[in-house]
Amino acid sequence: MDDRELSAYRIVSAIRASSSKLQPIPNAVHFFLFYPRQRYVELEFHHYVALLSAAWLSGTDFVILWCSAMPDGHYWHQLKSNLTAHGKQNQLLLATRPLPKRVFNRNVRVIEHQVDVMKLETGITIGGIILDTDVLTLRSLQPLRRFDCVIGRESSIGLTIGAFMTKPRDIFLMLWYMLYQTFDDGQWAQHSVLLPQQI
């Protein structure tokens with residue numbers, strides 16, 4: 001890990017080069033860490049544990065951190081040191097892209113909603129395992145890669161956009177994304193929790 005930011009194209013190329021035809025979900029974990037007005041993003045303890053647990057326990061080839069600025073701080077250096085000491089430094093990839101401001105001509109101003117749109121777009125275009133930065137991996141996710149799409153449950157009435165796995169261009173994810181045509185930035189959890197349950 002040499003702190004180089006990679007383009008989405010290079011991320012896709014790396015993932016496709018390591019993909020298996022027997023398992024439709026690409027062998028990569030995506031995390032999203034966005035603080036748009038900061039030059040550097042201070043990696044916090046829960047980010048560190050989430051990234052480290054994914055690198056060590058998920059069984060994936062890559063852990064991709066999509067971010068608005070270069071990570072920094074004690075826990076970022078600890079993460080790099082841990083992975084380098086065990087020959088896993090090439091497993092962690094940094095990628096940047098702008099936050100989406102609109103989806104289907106509807107404004108998206110709340111940063112959590114912007115990241116939700118980005119998660120769906122990443123799932124549809126690249127595929128893989130999409131996790132929030134407070135989700136810990138406790139065991140290998142490899143057995144679930146045989147399905148087209150796997151999603152976590154947030155509550156009894158909704159699913160979660162904070163933990164899902166998908167093959168690229170999965171029909172469930174594309175339908176979910178298409179329903180963002182009715183998106184309302186003022187409603188919390190409507191499109192990211194309740195809507196996938198209704199689908």
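The values are calculated or read from the model by the stated rules, or taken from the named source; none is laboratory data. Note that the coordinates shown come from a computational prediction; the quantities given were computed from them, not determined experimentally. FYI the Cβ positions are ideal-geometry reconstructions off the backbone, even for glycines, and counts take in every protein chain you see. When the accessible area is computed, the model is the full protein with side chains, heavy atoms only, and any ligands, DNA or RNA have been set aside. Shrake-Rupley method; radii C 1.70, N 1.55, O 1.52, S 1.80 Å.
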Worksheet item: Summing Lys, Arg as +1 and Asp, Glu as -1, what charge do residues with Cβ under 12 Å from the Cβ of residue 115 carry, residue 115 excluded?
Response: -2
Worksheet item: When Lys and Arg each count +1 and Asp and Glu each count -1, what net charge do the other residues less than 15 Å away from residue 127, Cβ to Cβ, add up to?
Response: +3
Fill in: 12 Å beta-carbon shell around residue 164, net charge (K/R +1, D/E -1)
-2
Fill in: Residue-by-residue Karplus 3J(HN,Hα) for the stretch 78-84, coefficients 6.51, -1.76, 1.60, Hz, glycine and proline x
5, 4, 4, 4, 4, 5, 5
Discussion item. For the chain, give me the percentage of DSSP beta bridges that are antiparallel, rounded to the nearest 5 percent.
Written reply: 40
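If the chain between residue 157 and residue 138 were fully stretched, how many nm would it gain, using 0.36 nm times the residue separation less the Cα-Cα distance?
4.4 nm
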Worksheet item: Using alpha-carbon pairs under 8 Å, 6+ residues apart, how would you state the relative contact order of the stretch 8-198 in percent?
Response: 26
Practice prompt. Determine, for each peptide in 100-112, 52-64, the mean count of other beta carbons within 10 angstrom over its residues, then list the peptides with the highest first.
Written response: 52-64, 100-112
Item to complete: Starting from the amide H of residue 159, placed 1.01 Å from N in the peptide plane, find each other amide H under 5 Å away whose residue is 5 or more places distant or on another chain.
Response: 154, 197
Worksheet entry | ³J(HN,Hα), Karplus 6.51/-1.76/1.60, whole Hz, each residue of the stretch 108-119, x for Gly, Pro | 10, 10, 6, 4, 4, 6, 4, 5, 4, 4, 4, 4
Worksheet entry | Long-range lysine pairs (8 or more apart or interchain), the stretch 8-198, Cα under 26 Å | 10
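Which of the trypsin sites (Lys or Arg not before Pro) found in the stretch 111-199 are loop residues per DSSP with 15 or fewer other Cβ atoms within 10 Å of their Cβ? Don't skip to the answer; put the middle values down first.
On the way: sites: 119, 139, 145, 146, 153, 169; in loops: 139, 169.
Sites meeting the loop and neighbour criteria: 139, 169.
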Worksheet, complete the sentence: In order over the stretch 89-106: 3J(HN,Hα) from phi, Karplus 6.51/-1.76/1.60, θ = phi - 60°, whole Hz, x for each Gly or Pro, gives 4, 7, 6, 8, 10, 9, 9, 10, 6, x, 5, x, 9, 9, 9, 6, 6, 10
Worksheet item: Which far-off residues, 5 or more places away or on another chain, put their amide H under 5 Å from the one on residue 93, with H placed in the peptide plane?
Response: 63, 64, 65
Fill in: Per-pair calculated FRET efficiency, R0 = 22 Å: residue 104 and residue 46 via Cβ, rounded to 0.05
0.10
Fill in: Contour excess over end-to-end distance, with Cα ends at residue 188 and residue 90 and 0.36 nm allotted per residue
31.6 nm
Practice prompt. In nm, give the distance between the simple-model label positions of residue 146 and residue 82, each being 7 Å from the Cα along the Cα-to-Cβ direction.
Written response: 3.0
Practice prompt. Arrange the peptides 22-35, 79-92 so that the one whose residues have, on average, the most other Cβ atoms within 10 Å appears first.
Written response: 22-35, 79-92
Worksheet, complete the sentence: Given a 1.4 Å probe, the accessible area of the chain per residue, as a whole number of Å², is 50
